[in-house]
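Asks: Submitted below is the structure of interest, expressed as structure tokens.
Coordinate-derived values only; no laboratory data. Note that the structure is a prediction, hence the values are computed from the model and not measured. All Cβ positions, glycine included, derive from the backbone under ideal geometry; neighbour counts span all protein chains shown.
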Amino acid sequence: MALWGGRFAGDSSSMFKQVNDSLPFDQVMAVQDMQGSISWSRALAKAGVLSQDEQQALETALTEMQAQARAGELDFAASGEEDIHSFVEAALIDRLGDTARKLHTGRSRNDQVATDFRLWVREHVASLKQDLNGVIRSLLSVASRHQQAIIPGYTHLQRAQPIHFAHWCLAYVEMFKRDLSRLSDLSGRLNQCPLGSGALAGTTYPVDRYAIAEELGFDGPCLNSLDAVSDRDFVLELLFCASTSMMHLSRLAEDMIFYNSGEAGFLQLGDTVTSGSSLMPQKKNPDALELMRGKCGRVFGALQALLVTMKGLPLAYNKDMQEDKEGAIDTVSQWHCCLCIASEVLDSTALNEARCRQAAAQGFANATELADYLVGKGIPFRTGHDIAGRVVLLAIDKGCAIEDLPLTDLQSVCEHIDEDVYPVLQLEYGVNQRNILGGTSAETVTKALYQELEQLDKR
Ligand code: ARG
């Protein structure tokens, strides 16, 4: 029978049950629900609502059920219960009878679900942080394996200036570090305990809300009962954190799909993270990367869906809010998988350093160096830019690189160009000139790499 059966003369229709029941998905919060109930039973005992024996019996049963939940031994489907809260209460009543019927004193599923879901999110935030650190570790490791490698840097997907491959890796490290710090911000706001807020107005029983919060590892109790039961900002923030991080993963995937293409040929992906074609025997497709990019759709969708669900809701709890879970549960599992597979992809990546170097040297990526060289000869940059542009035109005309033009050709464009231009046009020269904080020189990149490795060990 439903928890609320007393007032009803008739049963729910089966279609209503299908729309209304959340047990098929909120069963993932079973352990958290039981944890919340253990703390609530202790609070009720302290408030004189439960005897010590009753509390002990409840705690023992709930602890046993937690072990069963962890072992996957609970048969949720067969119970026919509406949600995880009614499932746990019904199972307790089965075991303990009237003692269990006292547990819901002063509590509502509204403050219960808000508490359970915060506990669930908190736990997953902790493991997602580990996943993010895993991707950072893999980026630092592939960067360390190819510290000397130089690749073309792009703007507008046109070769722009050569950069160290490690510099590219470190750019993604910055993004994933921001994702980590966003999760830390979320943790601070998330960590307030709704229990004791009742259905919406608080509870009449003198439970110690500070003690409950502390016991459940919260920083303190939520300060307003209406807000406590109707706030889902912590879910929205999680979905935003996931969306931003998935966007980072997607850009990483996009770069790597291009680097892996036959046209670029900068890297090869491992057999463990690629698949073949059923028709074309030669194919080795970057499916893992494409899925990292592709799964953004459902994750961004979950954020949008919950924002829209929440925007018109009057205070306090409304059943619409039950829609917060499926998108969030799916998002957490997709984000987790994508972070893990990103690590695997990076670990299995073999960079073709010679090919990278060749590509970096093509496309007149040293034209900026020529303009800067002319600045060194006392020519204003804008004039130097124009001269370098004309040299590029000449090189295109002759079908060669700038550094392959004889001095006479270079001097035909600008008499200030001398023999000393040639070292300036070498690939490493331009890269290592960018020796400023945040730049791509070997020295700055190596320093940044070691700093990040050090930080990683501390996290
Ligand atoms: N299953 C609900 C949810 O996930 C919690 C129950 C609150 N139900 C209620 N009738 N007040 O939001």
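Asks: Take the alpha carbon atoms of region 361-458, find their radius of gyration, then divide it by 2.2 N^0.38 Å using N residues; give the quotient.
Replies: 1.32
Asks: Percent of Cα-Cα pairs per 10 Å bin, from 0 to the last occupied bin, for region 208-255, please list those.
Replies: Spelled out bin by bin, region 208-255 gives 23, 30, 23, 16, 8, 0 percent.
Asks: Less than 17 Å apart at the alpha-carbon level, and either on another chain or at least 8 residues along: which aspartates and glutamates does that give for Lys377?
Replies: Lys377 reaches Glu369, Asp386, Glu415, Asp418, Glu419, Asp420.
Asks: Would you mind giving the average projected area, over all directions, of the Cα convex hull of region 14-107 in nm² with one decimal?
Replies: Its average projected convex-hull area is 6.0 nm².
Asks: In Å, the Kirkwood hydrodynamic radius of the chain over pairs of distinct alpha carbons? List each step's numbers first, then the result.
Replies: Values: mean 1/r = 0.0380 Å⁻¹.
Taking the inverse mean of 1/r over all distinct Cα pairs, the chain comes out at 26.3 Å.
Asks: Same structure again: Could you estimate the translational diffusion coefficient of region 142-234 from the Stokes-Einstein equation, with Rh from the Kirkwood formula over C-alpha pairs, at 20 °C and 1.002 mPa s, in whole µm²/s?
Replies: Translational D for this selection: 124 µm²/s.
Asks: Once you have the Cα-Cα distance between Glu290 and Glu443, take 0.36 nm times their residue separation minus that, and quote the gain in nm to one decimal.
Replies: My answer for the length gained is 51.7 nm.
Asks: Need one number: nm distance between label points at Asp420 and Ser277, each 7 Å from Cα along Cα→Cβ, rounded to one decimal.
Replies: Each label point lies 7 Å from its Cα, and together they span 5.5 nm.
Asks: Scan region 342-441 for trypsin sites (Lys or Arg not before Pro) in coil per DSSP, keeping those whose Cβ has at most 16 other Cβ atoms within 10 Å, and list them by number.
Replies: Lys377
Asks: Just to be sure I follow the definition: excluding the sites themselves, where is the longest run in the chain that has none of the GluC sites (Glu not before Pro) in a DSSP loop with at most 13 other Cβ atoms within 10 Å?
Replies: Looking at the chain, 74-262 is the longest stretch - no exposed GluC sites (Glu not before Pro) with at most 13 other Cβ atoms within 10 Å.
Asks: Let me ask another. According to the Cα gyration tensor, what semi-axes, each the square root of 5 times an eigenvalue, does the equivalent ellipsoid of region 356-416 have, listed from largest to smallest in whole Å? Kindly include the intermediate steps, with their values, before the conclusion.
Replies: Values: eigenvalues 73, 39, 16 Å².
Calculated on Cα positions only, the semi-axes equal 19, 14, 9 Å.
Asks: Quick check: Cα centre of region 170-194 to Cα centre of region 251-271, how many Å?
Replies: For region 170-194 versus region 251-271, the Cα centre distance is 29 Å.
Asks: For each pair in Lys129/Lys325; Lys17/Lys311; Lys46/Lys319; Lys46/Lys325; Lys284/Lys447; Lys295/Lys325, compute the distance between the two Cα atoms and list the pairs where it is over 29 Å.
Replies: Lys46/Lys319; Lys46/Lys325; Lys284/Lys447, as the Cα separations exceed 29 Å there.
Asks: Of the chain, which part is the longest with no chymotrypsin sites (Phe, Trp or Tyr not before Pro) in a loop (DSSP not H, G, I, E, B) and with at most 12 other C-beta atoms within 10 angstrom?
Replies: 9-459
Asks: Taking N as the number of residues in region 54-204, what is its alpha-carbon radius of gyration divided by 2.2 N^0.38 Å?
Replies: My calculation over the Cα atoms of region 54-204 gives 1.66.
Asks: Roughly speaking, what % of Cα-Cα pairs in region 165-306 are separated by over 27 Å, rounded to a whole number? Could you put the intermediate results ahead of the total?
Replies: Numbers: 4629 of 10011 pairs.
Value for region 165-306: 46 percent of Cα pairs lie more than 27 Å apart.
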